[in-house]
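Let me begin by presenting the structure, written as structure tokens, before commenting on it.
The values are calculated or read from the model by the stated rules, or taken from the named source; none is laboratory data. Because the structure is a prediction, the values reported are computed rather than measured. Neighbour counts run over all protein chains shown; Cβ positions are idealised from the backbone, glycine included.
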Amino acid sequence: MLERIKWWLSRRSRESSMQQELEAHIACEAEEQIDRGVDPVTAREAAIKAFGNRAIMMEDARRVWTWAWLGHLTQDLKYALRNLRKSPGFTAVTIATLALGIGATAAIFSFVNAVLLKPLPYPYPERIVSVSEKLPSGSSNFISTLNFLDWGRQNRCFQFLSAIARDKVTLTGSDSPEELNVHRVSASYFKVLGVDAELGRTFAPDEDQVGKDQEVVLSNGIWRSRFGGDPKVIGRKITLDARSYTIIGVLPANSEFDRTWAVMWLPLAFTPANMTRNYHWLYAIASLEPGVTLKQAREQMDAIGARIAALYPDSNKGWGVTVNPYTDEVVQPELRRSLWVLLAAVGAVLLIGCANVANLTLARGMDREHEIAIRSALGARRLRLIPQLLTESIFLGILGGVAGLALGNAFMRGMKVWLPPDMLPPQANVRMDYGVLLFTMVIGILTGILFGLAPALSGTRPDLFRSLKESGRTTAGLTPHRMKTALVVAEVALSFVLLAGAGLLIRSFNRLASLNPGVDTTNVLAMDLPMPRTEFTNSTTLTNYLREVTQKVRSVPGVRDVAITDKPPMEGFANGAPFLIEGREDIPSQRPVSGFKVIGPSYFDTVGMRLLKGRSLDESDVAAAMPVTVINETMAKTYFKGEDPIGKRILIRQLVFGKSARGPEIPWQVVGVVRDEKVGGKVFSLDEDIPVVYVTFYQSPGFSNSLVVRAAMDPLLLSGSIEQAIWKVNNNQAVANIETLGEIESQSVAPARLRTALLAIFAGIALLLAAVGIYGVVSYSVGQRVREMAIRLALGASPGDLLKLVIGKTMLVVLVGLALGGGAALALTRVLASLLYDTSPTDGVTWVVAGALLATVALLACYFPARRVTKVDPLAVLRFE
Amino acid sequence: MPPKPSDRIELLQGTLDLLVLRSLLFGPLHGHGITKAIQRNSDELLQVDHGSLYPALYRLEQKKWISGKWQQSGKDRPMKFYRLTVAGKKQLGIEQNKWEQMAKAIRLVLIREVE
């Protein structure tokens, strides 16, 4: 190795030594001739001629020496730099096009990398699974306490199994009361994930037992924002829901725990009241015992589920257990698909960009044809010229990659700001890491090869005779022309695929966004009222409190109406309930399920839901009165087909006040039917029609309460006075998540909006690039054919004929591209099917519009440069002949 | 009289190394001298192509079978003289052996074909 480096370093002296040696050889040869009596000049000429091509010989000699390629590379780079500096316009346009394409690709790839390619950020991500109950229908469901405890005791497949419940607590004791999202988890939770605290510790094995559960682990984020990053925070006591908790640990910085919904982790201790089998409220995750496969775990849990179902048929008949890789839970299929589609789209944009640059390079190659021809005539071999030309384009590709990296970083940051929260899993840490860096540079080099190869191959085709003869006054060579046509076809085809895809998403999004939410969203404000459980010892104090809050807020000037609800519209349900219509056949474990929404009597008026039949709920439907319900249209249509639901009774287990449990079954008499409101939220898609029963909070009080307020004006202006009114009732009442219904509605379609907007932007860029490409090709070929056009004019063609000739030819190419693109789109848009709402992937209107748009743009892009043929002056052109 | 160019024989692939090594067996020579020696010793039948001679020389030099040195030649012009090294002498033996076996093999094949 060392020797080789020495060789390499001494190449200059060796080079001159070689020169001298060859010179000496020729001199010897000449002297021999002179000795034979030839005159010196002729002798020398003869010697040189006999020696042959000295340049090629030296080339061959150099190849013998090691690392000749390095010599070539530096030589080629110098050559490339010189050339690029000579045409700054070409260089700038190329680098800008590549930087845009590569930058967008790098940005999207950074998301794909973080969300789809990287394993979850745990020591043994492949061993973590999510566990849930399986309904008779096969879909997953929350877990009941007793089922969960049985799983924990009976399984031999999980190393650790942890339950998780979402909750909200109110932090008091300093500043104003603050509502915080928390996860209540089993003590083994952090063992499942294999994550340790950065400061202090996580839960010890018995700390999820009642009495030992007053400890809290903080996220790094809240530790810094709320506790000033104080390292002595461990051991400090804080008050949550009026109970004292000790801080025992702080989780790692910049981890998923800083990006997730919860900011604190509390132990999940089951009280005797929780010990039921029919109230489903828990999530669970588990880590597989080392050596246990997913299949084995599934088999074992199936057996356990079957055993429980046999023992407790009333609650569990037909129910089972679902075990899935945790990754599948974290990355939902819709997100997975959206990301791949976007990466493919941005890749297509990059390809179109490449085609454009290839076109430019081809055009430049024709200008350089003469130079290349001379170089080959002097003995340059094709295998030496192609790398030389490729070096130039790869160098450009690398420059584009570097610029693209900077741009991509900016794009990625912008997108992260723009992304709605919760859209990405918290585990995904999107950033420009080495993987993305490497990917980007490889893409840069590949682009360089891609756009450089075609021009390099065609540019060095050994057709010296024609090149040299026709230099300067060519009628463009055939091969590059064919290649340009192919490039245009590819551009048009790719653009069409993107346009069709974007069109489909736009159409679907419009339909989704214009879905009637079933409520009147104008001037309605929603806010959460978290209730510390400990403050209300019985249901009467709670219902009185809620009534008082409602009345105080109603008296605020500008407020038209106000109501309590357990969930604002389009934010899902607080509860679902299995039900039985009185008098029908009952299979306890297979009862149908409806939404169970607890509201204040004024809810329907406040959010503008129309009563279809019977009466609304009212203030007389109190705890002591007969339990009544208003059902929605879907419920009436699905379960009271051809019957009048009014007066029928629906059996539903009561929610027990203050406990995560269900009480005895009570009959709810149907008094009215309302039109559907869209449920949405995390679990249901916005377009699902779900049966719902509505009851008053007097008859089913609970701790999940929000307020909806209809105002006479912009409701956000009233938020301050509404808060003041609430605090007049209770100074410690936190008010959280103040949003208008309009905002909630727009958030509910945010993921669809985002992917639609991104794909539309990519399609727009593609269209623009394709137009630039067509413009370039037409204007170049017109420039090349001026002579031919002049002759045609001189022979009597009209300018209009020429225009038709040029445009017709180009549009034919465009049509071929459209046809190919149509075929590709037919195959590719199918992957969009699951992302489309009420829109077929072969939606005729979208396809026609996309095709027409592309054809129009193409026509314009070729009309403007083609117009030049009409201005050709045959006399001026032909005089030069 | 030297043979007409058409009578000359193109060197077989891989034989140039052997011929160069052999030419140097009786003392150092420069590139031109090697050409002449090969031509002379083959009764002008073998023609050395300069395009392959020098690359071959550099290759042999790199393999340390020959070593080159600049020296004054008779006509007060410095020339690069190549000398056979010890390793080169050994290599010459190997190459010569290989060639003889090859020639023998080819002759056998040719004779059989004629029969």
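Structure notes:
For every residue, the table says whether it meets (1) out of contact with any Phe, Trp or Tyr (no Cβ under 6 Å at 6 or more places or on another chain); (2) free of Cβ contacts under 8 Å to residues at least 60 places away in the same chain.
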| site | (1), (2) |
| --- | --- |
| A:GLY89 | yes, yes |
| A:LEU116 | yes, no |
| A:SER130 | no, no |
| A:GLY152 | yes, yes |
| A:GLN159 | yes, no |
| A:ALA163 | no, no |
| A:PRO177 | yes, no |
| A:HIS183 | no, no |
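- When each of A:THR756, A:THR829 is tested for being out of contact with any Pro (no Cβ under 9 Å at 6 or more places or on another chain), touching a residue at least 40 places away in the same chain (Cβ under 8 Å) and buried (at least 21 other Cβ atoms within 10 Å of the Cβ), the lone residue that passes is A:THR756.
Residue by residue, here is whether (1) in the same structural domain as A:ALA486 (by TED's automatic domain parsing); (2) buried (at least 21 other Cβ atoms within 10 Å of the Cβ); (3) more than 21 Å from A:ALA358 (Cα to Cα) holds:
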residue	(1), (2), (3)
A:LEU768	yes, no, no
A:VAL777	yes, yes, no
A:LEU793	yes, yes, yes
A:ASP801	yes, no, yes
A:LYS804	yes, no, yes
A:ILE807	yes, no, yes
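- Filter result for B:LEU57 (outside any loop (DSSP other than H, G, I, E, B), facing chain A (nearest Cβ under 10 Å), hydrophobic (A, V, I, L, M, F, W, C) and within 18 Å of A:ALA27 (Cα to Cα)): no
- Boolean, A:GLU881 is assigned to a helix (DSSP H, G or I), modelled with pLDDT under 85, on the phi < 0 side of the Ramachandran plot and not hydroxyl-bearing (Ser, Thr, Tyr): no
- Residue within segment A:448-455 that is modelled with pLDDT of 85 or more, assigned by TED's automatic domain parsing to the domain that holds A:ARG755, within 30 Å of A:ALA827 (Cα to Cα) and surrounded by 24 or more Cβ atoms within 10 Å (Cβ to Cβ) present: yes
- Residue match in segment B:61-75 (condition: within 25 Å of A:GLN19 (Cβ to Cβ) and assigned to a helix (DSSP H, G or I)): yes
- The residues on offer are B:LEU92, B:LEU110, B:LEU18, and the sole one that is at pLDDT below 85 and away from chain A (no Cβ under 14 Å) is B:LEU110.
- Options A:GLU723, A:GLU743, A:GLU739: the member that is in a helix (DSSP H, G or I), within 30 Å of A:PHE111 (Cα to Cα) and of a type outside the set (Val, Ile, Thr): A:GLU743
- Residue list for segment A:399-422, filter: surrounded by 15 or more Cβ atoms within 10 Å (Cβ to Cβ) and outside any helix (DSSP H, G or I): A:LEU419
- Segment A:539-562 - residue that is in contact with a Phe, Trp or Tyr (Cβ under 9 Å, 6 or more places away or on another chain) and of a type outside the set (D, E, K, R) and, of those, farthest from A:ASP605 (Cα to Cα): A:SER539
- Selection count, segment A:166-190, where residues are within 30 Å of the chain's Cα centre (by Cα) and modelled with pLDDT of 85 or more: 10
- Boolean, A:VAL38 is more than 14 Å from chain B (Cβ to nearest Cβ), assigned to a helix (DSSP H, G or I) and either at pLDDT 80 or above or touching a helix residue (DSSP H, G or I) at 6+ places or on another chain (Cβ under 6 Å) (or both): no
Residue-wise test of (1) in a loop (DSSP other than H, G, I, E, B); (2) under 26 Å from A:ASN274 (Cβ atoms); (3) in the same structural domain as A:SER834 (by TED's automatic domain parsing); (4) at pLDDT 90 or above.
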{"residue": "A:GLU619", "(1), (2), (3), (4)": "yes, no, no, yes"}
{"residue": "A:GLU643", "(1), (2), (3), (4)": "yes, no, no, no"}
{"residue": "A:LEU651", "(1), (2), (3), (4)": "no, yes, no, yes"}
{"residue": "A:GLN654", "(1), (2), (3), (4)": "no, yes, no, no"}
{"residue": "A:GLY702", "(1), (2), (3), (4)": "yes, yes, no, no"}
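- Unmet criterion (only one of (1) β-branched (Val, Ile, Thr); (2) buried (at least 19 other Cβ atoms within 10 Å of the Cβ); (3) in a helix (DSSP H, G or I)) for A:VAL131: (3)
- Among the candidates B:LYS80, B:LYS64, residue that is in contact with a strand residue (DSSP E or B) (Cβ under 8 Å, 6 or more places away or on another chain) and either within 11 Å of chain A (Cβ to nearest Cβ) or surrounded by 18 or more Cβ atoms within 10 Å (Cβ to Cβ) (or both): B:LYS80
- Qualifying residue in segment B:101-114 (condition: surrounded by 11 or more Cβ atoms within 10 Å (Cβ to Cβ) and touching a residue at least 40 places away in the same chain (Cβ under 8 Å)): no
- The single condition among (1) more than 30 Å from A:LEU494 (Cβ to Cβ); (2) modelled with pLDDT of 85 or more; (3) in the same structural domain as A:ALA852 (by TED's automatic domain parsing) that A:ILE744 does not meet is (3).
- Tallying residues that are within 11 Å of chain A (Cβ to nearest Cβ) and either part of a helix (DSSP H, G or I) or aliphatic (A, V, I, L, M) (or both) within segment B:35-47 yields 2.
- Picking from residues in segment A:155-207 that are among the charged types (D, E, K, R) and assigned to a strand (DSSP E or B), the one that is nearest to A:VAL292 (Cα to Cα) is A:ARG184.
- If you go through segment A:49-74 and keep only what is modelled with pLDDT of 70 or more, within 11 Å of chain B (Cβ to nearest Cβ) and assigned to a helix (DSSP H, G or I), you end up with A:ALA50, A:PHE51, A:ARG54, A:ALA55, A:ILE56, A:MET57, A:MET58, A:GLU59, A:ASP60, A:ALA61, A:ARG62.
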